[in-house]
Every structure is written in structure tokens, then in C-alpha cells.
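Written below as C-alpha cells is the structure these notes are about.
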Amino acid sequence: MIERRTIVFPHERLAGVEHPAFEARGVDEGPHLALIGGVHGCEYSSIGAVIRVMNELEADELRGSITAVPVVSMQSFQSRSPFVVPEDGKNLNRCFPGSYDGSYTEVLARSLFDELIAPADVLIDLHGGDLVEALAPFTIYRASPVEDQARALAVAFGLPYVARENPDTELGGMTTHAAAEAGIPAIIAEAGGAGRLELGAVTMLAEGVRNALRHLGMLPGPVVQREWGRMRAVGSFVWLRCGNAGWWEASVAAGDEVREADVLGCVRNLFGDVLEEIRAPDDGVVLFLTTSAAVGRDGLLLGLGRELAPIDGE
């Protein structure tokens with residue numbers, strides 16, 4: 001059966017915030033999957049994919065169970081707020097596992113962790129480019145004692161790039177980090193961008209979820225090979241920022257593979273003078289790119305995936 005319900009977390013800071021959710025239970029025993037979207041409320045393709053998967057799911061084919069929440073950051077979604085929660089200006093995906101003694105976003109993170117992530121055997125967290133982001137489709141998993149299971153899940157999901165994130169990076173507090181520390185294999189899958197609901201990206205993410213369910217033995221049949229062929233492993237990330245506020249002109253697009261020292265773009269002042277030229281520090285692929293021409297000092301410009309290698313034999 002597939003039930004539609006509303007989740008209201010008990011903490012007083014979250015009083016009255018309703019999260020529409022799906023609960024699916026198969027006819028046979030199997031893993032329990034937590035499927036979430038809308039950690040960032042303007043990543044609309046991720047939200048659309050959760051809704052599509054659950055509305056197209058045939059419960060009589062399912063083994064195990066799924067708890068699916070299309071939007072976990074309702075305040076961000078309702079306010080059309082990119083990246084951060086308006087209540088306290090914090091990025092929800094930097095706050096996990098959260099704290100009941102913290103700010104609104106930290107309480108929300110703790111509630112989501114305790115009620116959705118911790119009870120699950122597996123977590124799939126769907127994302128996409130936010131209002132001022134374009135990206136190439138990719139999945140992320142965390143280096144951890146359960147990383148072999150998480151990597152296999154990411155490969156089965158089937159997006160063109162699969163990135164391994166190390167614990168010593170600057171990106172703490174993600175859903176995948178908290179899940180891995182609790183011994184739960186987890187991936188983040190990203191497709192779509194620029195604050196648009198892209199039907200192609202919705203399809204890509206929804207098909208990826210179904211592949212993951214086949215990989216887990218929760219749906220019948222083999223993992224379906226994707227049309228782009230061989231996937232590439234990403235060994236590490238580097239985030240490139242500008243030193244000056246100004247006008248950002250990118251010379252590359254999301255998905256472009258570049259060589260060390262290639263010009264990726266420049267930052268100008270509003271007279272059109274070049275303030276700084278941005279070059280690739282290494283060979284790699286542009287996994288995400290800021291699409292806004294207006295950038296602040298130390299503003300994020302793009303994410304470069306490095307140490308690319310083919311994924312064979314999977």
C-alpha cells in the first residue's frame with residue numbers, strides 16, 4: 001500500500017509546519033529507504049522527482065518500505081529562498097545531524113535526522129542546481145565505513161559522474177555525512193538547475209531512484225544502463241571563489257571538461273575592466289557553475305571535479 005500523510009515534528013520551533021509525505025510498504029520484507037527532496041527549497045527538479053517516483057510506484061512490486069518527503073525545508077520552499085532557510089540564514093545541508101538546542105535550521109536538521117534518516121537502512125537525498133546554479137548531473141557519497149555500499153548505490157543510480165567526498169573537506173553537516181556516521185549508506189543525487197522545474201532532470205532523477213531500488217532488491221529486474229554510457233569517478237572537488245566583488249563572466253558551461261590553466265572566466269568591475277582571471281588549478285570537469293553575473297567578495301564561482309577516472313566493471 002502507498003499512504004499519503006502529513007508529518008509535523010513535535011519540537012515547538014517547528015510547530016504548525018506540515019510536510020506532505022508518502023509511506024509505501026511492499027508485500028515482502030526488505031530494506032527501509034528514506035527518500036527526500038527539497039533540502040534546498042528552490043531545487044525544483046528534486047522535488048518533482050520524489051513526487052513522480054511515489055505516484056508511479058506499484059506497491060505490489062515493492063519489497064521493503066519507503067518513506068518519501070518531497071520537501072523537507074518547507075520554509076525555504078514557501079519563501080523561494082535559495083541555499084538558506086530564511087528563519088536564521090543557515091544552509092540546512094550544513095547542519096546535520098542538528099541539535100534540539102540550536103536555531104530553527106539546527107532543530108529542523110535534528111528532527112529530520114531522528115524521524116527520517118536514523119530509522120532508515122538507506123538514504124537517497126535528491127538535489128539540483130539552485131536559483132543561481134547550473135550543474136552537470138552527478139552523485140556524491142561519503143568516505144566512511146559504509147562507503148562501499150554507498151558507492152555501489154551511487155553507481156547504480158547511474159548519473160554521469162560519481163564523486164567521493166572525504167571527511168577533511170570544508171563541507172560538513174550534509175545529510176550523507178550524518179547518515180554515514182550512523183552507519184547508513186547514503187547518496188546525494190543532483191540534476192537540473194537555475195531554479196527551473198526541468199522535466200528532463202525530473203526524469204533523470206526518477207529513473208535513478210528506480211535503478212537504486214532495483215539495485216537494493218526492492219524492485220524487480222536489473223539496473224537499467226543509461227544512455228550516456230560510461231560513468232566517470234571524481235576523486236576530489238575544488239571550489240573556486242573570487243577575491244573581488246563584481247561581474248562574473250564564465251567562459252565554460254556545466255559539464256565541460258577542462259585542462260589545468262584553462263581560463264574558466266573572469267570577474268570584471270562595472271566599467272568592464274578585468275579584476276581577476278579564473279583559471280583551472282587542475283584537469284577536471286565543471287560540476288556546478290554560478291549563473292549569476294553578480295558576485296560578492298569571496299563568492300563561489302564553480303565546483304571543479306578532479307582526478308577523473310572511468311568506472312569499469314559495474
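Which condition number in (1) open to solvent by less than 50 Å² (accessible area, probe 1.4 Å); (2) of a type in the set (A, V, I, L, M); (3) in contact with a helix residue (DSSP H, G or I) (Cβ under 8 Å, 6 or more places away or on another chain); (4) assigned to a loop (DSSP other than H, G, I, E, B) is the one that A180 fails?
The number of the failed condition is (4).
Taking A118 and the conditions (1) among the small types (G, A, S); (2) open to solvent by 20 Å² or more (accessible area, probe 1.4 Å); (3) closer than 30 Å to A309 by Cβ; (4) in contact (Cβ under 8 Å) with a residue 40 or more places away in the chain, which numbered condition does it fall short on, given that it satisfies the others?
A118 satisfies all of (1) among the small types (G, A, S); (2) open to solvent by 20 Å² or more (accessible area, probe 1.4 Å); (3) closer than 30 Å to A309 by Cβ; (4) in contact (Cβ under 8 Å) with a residue 40 or more places away in the chain except (3).
Looking only at strands (runs of 3 or more DSSP E) that lie completely in region 201-293, which have at least 3 residues being under 26 Å from the mean Cα position of the chain (by Cα), loosely packed, with under 15 Cβ neighbours inside 10 Å and modelled with pLDDT under 95?
232-241
Only one of these is within 23 Å of the chain's Cα centre (by Cα) and either on the phi > 0 side of the Ramachandran plot or touching a residue at least 12 places away in the same chain (Cβ under 8 Å) (or both): E3, E23, E61, E29. Name it.
None of the other options fit; the residue is E23.
If a residue has to be loosely packed, with under 14 Cβ neighbours inside 10 Å, part of a loop (DSSP other than H, G, I, E, B) and of a type outside the set (D, E) to count, how many in region 294-314 make the cut?
Count: 3.
Which one of the conditions (1) touching a helix residue (DSSP H, G or I) at 6+ places or on another chain (Cβ under 8 Å); (2) over 18 Å from E198 (Cα atoms); (3) of a type outside the set (V, I, T); (4) at pLDDT 95 or above does G172 fail to meet, given that it meets all the rest?
(4)
Among the residues of region 129-153, how many are buried (at least 24 other Cβ atoms within 10 Å of the Cβ), at pLDDT 95 or above and in a loop (DSSP other than H, G, I, E, B)?
Number satisfying all stated conditions: 1.
Residues D130, D125: which one is touching a Phe, Trp or Tyr at 6+ places or on another chain (Cβ under 9 Å) and acidic (D, E)?
Of D130, D125, the one residue that is touching a Phe, Trp or Tyr at 6+ places or on another chain (Cβ under 9 Å) and acidic (D, E) is D130.
In region 154-177, what count of residues is obtained for those that are over 22 Å from P222 (Cβ atoms), outside any strand (DSSP E or B) and among the small types (G, A, S)?
2
Take region 4-27 and flag every residue that is of a type outside the set (A, V, I, L, M, F, W, C) and in contact with a strand residue (DSSP E or B) (Cβ under 8 Å, 6 or more places away or on another chain).
R4, R5, T6, E18, H19, P20, E23, R25, G26
The conditions are (1) free of Cβ contacts under 8 Å to residues at least 12 places away in the same chain; (2) within 15 Å of V39 (Cα to Cα), and D101 fails exactly one of them. Which is it?
(2)
For region 80-91, which residues satisfy the criterion of being free of Cβ contacts under 8 Å to residues at least 60 places away in the same chain and in contact with an Asp or Glu (Cβ under 9 Å, 6 or more places away or on another chain)?
F83, D88, K90
Rundown of residues vs (1) surrounded by fewer than 17 Cβ atoms within 10 Å (Cβ to Cβ); (2) out of contact with any helix residue (DSSP H, G or I) (no Cβ under 6 Å at 6 or more places or on another chain); (3) in a helix (DSSP H, G or I); (4) among the small types (G, A, S), yes/no style:
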position: P10; (1), (2), (3), (4): yes, yes, no, no
position: G16; (1), (2), (3), (4): yes, yes, no, yes
position: A21; (1), (2), (3), (4): no, yes, no, yes
position: E29; (1), (2), (3), (4): yes, yes, no, no
position: L33; (1), (2), (3), (4): no, yes, no, no
position: G41; (1), (2), (3), (4): no, no, no, yes
position: G48; (1), (2), (3), (4): no, no, yes, yes
position: N55; (1), (2), (3), (4): yes, yes, yes, no
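So, in region 60-119, how many residues would count as being of a type outside the set (S, T, N, Q) and part of a helix (DSSP H, G or I)?
Looking only at that region, the number is 18.
The values are calculated or read from the model by the stated rules, or taken from the named source; none is laboratory data. All figures in this text were calculated on a predicted structure; none of them were measured in a lab. Every residue, glycine as well, gets a Cβ built from its backbone with ideal geometry; the counts of neighbours run over all protein chains shown. Each accessible area value is taken on the protein alone, full model and side chains, heavy atoms only, with ligands, DNA and RNA left out. Shrake-Rupley method; radii C 1.70, N 1.55, O 1.52, S 1.80 Å.
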